[in-house]
């Protein structure tokens, strides 16, 4: 028989002699050589990475991809695959897509959804990780590259002791390194925490809970290319130290990818960059002499953009008319209007795109030139100057909290809604089972906010990412559930955009939360910073606007309180920056943050001491968890009766925390008293309103609490001697009794002596 074992075991290959019904063997081969139809050898490279083996393996799976790499780290296995289109796409941007695919089976789970068991729409977590991988990779392709590139990272197995996102980043980079396209990698990333003052990577869930820092650093061998962080009000120096530590620790993963590329022997693919020719760029630059500069430096951004558009249309009109009649196909029979239209149509088809791109490059060069040489920005500001600020709170009367934050032309409205904890969002992902988000920040920015026509649909990756950054900024200062038992939804509606809407969302949400009476530990402000490099000299810009972002080398956002940083996001457009440059930028961001904070506090100096009259009131009660069943009742009968008769909403946690909510305080009090009566423990010396439930010769049994009866001996009914109990009491009588004692068997002794029955 032929051996059909799996794995890397030797395999004897044979053929059958049909005449004799026997097999004869040919040779011994490796099974992977048999099942790999590409004929390429399967091999892997390995190195130590933060205390565990990291391996990259090729040619085992993904035979029809342009390139694919199987990455293993601990029990985590991720496939990184790349497919490159065969022809450049005719469009004005680089069509790169990077996706992170969560698979429930990777963590041994089936979705907890009652109706959907297969993976479908990516979770917010998957979208955020896809963006995390995309941001350090996208800038490493040359400008003008238009080949369609799709990168997919698929989690096949997940080690529960650490998060798999940065391993997926390594998988994406490794596959791109083998694709033969102009990717200036490799890159690697690391998620870093700080436990007991020490930096650590690949934290366990328990260590993540104890860490005051959640920092992701991605970079090359030459420097850092992307940073993202959430922090519990840590100082700037802690972030800077984490950047230095992370850049050093990712180097083995970068070297391993270079080793893999060398062993594979990658064949470079031919490509064409879609860029204006030197001749076109020179012509545009010469035409624009004297048309930019001082005239375009104005604080009115809308006016500036209109002036730029007018200059661009003027350029196109003049260049279109320079085309010869012969080239454009103009004839003498045409009217002047027809000749002009024909030339314009010819120009639009053959030249407009190149001249438009050359124009944009010229504008960007002008912005950089004046900032670096003159220290003057497009709107006339100094490098460290914040745009004019204006804010309002309480602008929407029926909402629980609201604000409008305006900075220059950027404007964000935020609305806060409070609800019982049961309204928190259930989180069911590959990594998390039945987690609950108590605080939710959602960000919306329709096309009208940039003056464009567009389709209104579900939020895209950018909206999800901006909302998450603003959410991270506020989470460290939220009150605990015990102190403020509410689910909180914060929605930012962007009204106008001109740079750094995520920071406007942060500031507006902080103001709206305070307006709603949420007792924040401290207010949070955020600022967007920019960077332009002139050789080795950095120029740091405070409060970045769109024109500077497009022309700059890095944009980064920093949020925090007076005590420290709560969130950070850095994206580089150059191919790596040293920590020293990033350090300077982070420290300069502090002043901008404090300036904006001062403005916010001038509008509302802290959380209001009351809630909106339209917000639900919530009272809490802690009970013995053993009593939960008593409140719920058989089949939910008791709790349903309480909610139906009181109109209050009741939420019960496993630890015994009960929250009762309603807009009307009277409904809450009625429900609380009912619940207390169900779970109250008998207390010696306390007087109870009781009901006689049975009578015996020696006394009466009286119900004083739900399910709890006590013995009222005949001698304790009256100061006078009674011949029989029925001389004083009948079944059903409502009386007041004092609990005198509880014996070691839990029996209750009651007395009516000295108790005023009329009180």
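Quick notes on this structure:
- Some residue of the range 423-441 being under 13 Å from the mean Cα position of the chain (by Cα), crowded, with 22+ Cβ neighbours inside 10 Å and in a strand (DSSP E or B): yes
- For the range 447-475, a residue qualifies if it is surrounded by 16 or more Cβ atoms within 10 Å (Cβ to Cβ) and either in a loop (DSSP other than H, G, I, E, B) or without any contact (Cβ under 8 Å) to a residue 12 or more places away in the chain (or both), and exactly one does: 459.
- Restricting the search to strands (runs of 3 or more DSSP E) fully inside the range 1-90 and requiring at least 1 residues that are touching a helix residue (DSSP H, G or I) at 6+ places or on another chain (Cβ under 7 Å), surrounded by 10 or more Cβ atoms within 10 Å (Cβ to Cβ) and at pLDDT 95 or above gives 43-49, 52-58, 67-73, 76-88.
- If you check 502, 583, 508 for being under 19 Å from residue 225 (Cβ atoms) and either in the same structural domain as residue 304 (by TED's automatic domain parsing) or assigned to a helix (DSSP H, G or I) (or both), only one passes: 583.
- The range 291-314, residues that are within 13 Å of residue 363 (Cα to Cα), modelled with pLDDT of 85 or more and surrounded by 12 or more Cβ atoms within 10 Å (Cβ to Cβ): 307, 308, 311, 312
- Residue in the range 353-373 that is touching a residue at least 60 places away in the same chain (Cβ under 8 Å), out of contact with any helix residue (DSSP H, G or I) (no Cβ under 9 Å at 6 or more places or on another chain) and not in a helix (DSSP H, G or I) present: no
- Test: residue 302 is assigned to a helix (DSSP H, G or I), in contact (Cβ under 8 Å) with a residue 12 or more places away in the chain and not assigned by TED's automatic domain parsing to the domain that holds residue 550: yes
- Matching residues in the range 476-500 - criterion: being over 19 Å from the mean Cα position of the chain (by Cα), more than 24 Å from residue 97 (Cβ to Cβ) and in contact (Cβ under 8 Å) with a residue 12 or more places away in the chain: 479, 481, 482, 483, 484, 485, 486, 495, 496, 498, 499
- Residue 320 falls short of the stated requirement of being touching a residue at least 12 places away in the same chain (Cβ under 8 Å) and over 50 Å from the mean Cα position of the chain (by Cα).
- Lone qualifier among 624, 640 - being modelled with pLDDT under 90 and either surrounded by fewer than 16 Cβ atoms within 10 Å (Cβ to Cβ) or under 29 Å from residue 395 (Cα atoms) (or both): 624
- Among residues of the range 160-204 being free of Cβ contacts under 8 Å to residues at least 40 places away in the same chain and assigned to a loop (DSSP other than H, G, I, E, B), the one that is nearest to residue 107 (Cα to Cα) is 196.
- Residue within the range 106-123 that is assigned to a loop (DSSP other than H, G, I, E, B) and either under 29 Å from residue 182 (Cβ atoms) or modelled with pLDDT of 95 or more (or both) present: yes
- Hits in the range 555-570 - residues which are farther than 17 Å from residue 465 by Cβ and buried (at least 24 other Cβ atoms within 10 Å of the Cβ): 560, 565
- Residues that are assigned to a loop (DSSP other than H, G, I, E, B), surrounded by fewer than 17 Cβ atoms within 10 Å (Cβ to Cβ) and in contact with a helix residue (DSSP H, G or I) (Cβ under 9 Å, 6 or more places away or on another chain), drawn from the range 276-290: 277
Listed here are the residues, each with its yes/no results for (1) at pLDDT below 95; (2) out of contact with any helix residue (DSSP H, G or I) (no Cβ under 7 Å at 6 or more places or on another chain); (3) farther than 20 Å from residue 50 by Cβ; (4) not assigned by TED's automatic domain parsing to the domain that holds residue 594.
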site	(1), (2), (3), (4)
186	no, no, no, yes
192	no, no, no, yes
201	no, no, no, yes
204	yes, yes, no, yes
218	no, no, no, yes
227	no, no, no, yes
238	no, yes, no, yes
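- Matching entry among 537, 573, 521 (being in contact with a helix residue (DSSP H, G or I) (Cβ under 9 Å, 6 or more places away or on another chain), closer than 30 Å to residue 653 by Cβ and surrounded by fewer than 24 Cβ atoms within 10 Å (Cβ to Cβ)): 521
- All positions within the range 511-537 that are farther than 26 Å from residue 604 by Cβ and out of contact with any strand residue (DSSP E or B) (no Cβ under 6 Å at 6 or more places or on another chain): 533, 534, 535, 536, 537
- So residue 460, is it touching a strand residue (DSSP E or B) at 6+ places or on another chain (Cβ under 9 Å), at pLDDT below 95 and either within 21 Å of residue 565 (Cα to Cα) or outside the structural domain of residue 133 (by TED's automatic domain parsing) (or both): no
- Looking only at residues in the range 700-731 that are surrounded by fewer than 19 Cβ atoms within 10 Å (Cβ to Cβ) and in contact with a helix residue (DSSP H, G or I) (Cβ under 6 Å, 6 or more places away or on another chain), the one that is modelled with the lowest pLDDT is 706.
- Put simply, of 75, 48 the only residue that is more than 22 Å from residue 261 (Cβ to Cβ) and either in contact (Cβ under 8 Å) with a residue 40 or more places away in the chain or in contact with a strand residue (DSSP E or B) (Cβ under 8 Å, 6 or more places away or on another chain) (or both) is 75.
- Highlighted here are the strands (runs of 3 or more DSSP E) found entirely within the range 649-732 that include at least 2 residues which are in contact (Cβ under 8 Å) with a residue 40 or more places away in the chain and closer than 30 Å to residue 419 by Cα: 649-652, 657-662.
The values are calculated or read from the model by the stated rules, or taken from the named source; none is laboratory data. The structure displayed is predicted, hence computed values, not measured ones. Note: ideal-geometry Cβ built from the backbone for every residue, glycine included; neighbour counts use all protein chains shown.
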